[in-house]
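Visitor: My structure is below; once you've seen it, I'll send some questions.
Please treat every number below as a calculation from the coordinates, not as lab data. Computed from a prediction, not measured in an experiment: that's the story for all the values here. Because the Cβ atoms are built from the backbone with ideal geometry, glycine has one as well, and the counts that use them run over all protein chains shown.
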Amino acid sequence: MANQSPWTITFVLGAPGAGKGTQCAKIVEKYGWKHLSTGDLLRAEVASGTELGMQAQAIMEQGGMVPTSLVLDLLANAMTQSGQTRF
């Protein structure tokens with residue numbers, strides 16, 4: 001039997017301006033889930049000047065896409081640090 005994750009995770013996907021943030025705010029308000037935005041996490045990491053933030057900034061300044069592995073590390077860190085289980 002596979003290990004069960006302690007987290008419940010829901011992804012809200014859509015094009016820019018589709019209302020993802022609006023819907024997430026409603027989920028947070030109604031159900032108390034934690035909203036994590038990869039864009040917000042990346043901007044905060046760059047602003048904090050961490051090694052991960054500097055790596056991401058260098059990639060973005062060249063017009064590249066931040067690798068999935070870095071984004072997943074940011075998400076996992078934010079989830080762990082939040083102390084919550086529903087995202």
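Visitor: Can you compute the helix-only [θ] at 222 nm over the chain? Use -39500 (n - 2.57) per DSSP H run of at least 4 residues, normalise by all residues, nearest 500 deg cm²/dmol. Let's see the in-between values first.
Guide: Working: 4 runs with 49 residues, N = 87.
Counting only the DSSP helices, I get -17500 deg cm²/dmol.
Visitor: On to the next question. Specify which residue in the list G49, T80, M60 is farthest towards the positive end of the charge dipole of the chain, using unit charges on the beta carbon of Lys, Arg (+1) and Asp, Glu (-1), about the Cα centre.
Guide: T80
Visitor: Also, I was wondering about something else. Mind listing the long-range amide H neighbours of R86? Cut-off is under 5 Å, sequence gap 5 or more, other chains count too, H placed in the peptide plane at 1.01 Å from N.
Guide: T8, K34
Visitor: Starting from a Cα-only point model with no solvent, please compute log10 I(q)/I(0) by Debye for region 1-55 at q = 0.13, 0.24, 0.27 1/Å.
Guide: Debye output, listed in q order: -0.50, -0.96, -1.02.
Visitor: May I pose another question? Go through region 14-27 residue by residue and turn each phi into a ³J(HN,Hα) via Karplus (6.51, -1.76, 1.60, θ = phi - 60°); whole Hz please, and just put x for glycine and proline.
Guide: Whole-Hz 3J(HN,Hα) from phi for region 14-27: x, 5, x, x, 7, x, 4, x, 4, 5, 5, 4, 5, 5.
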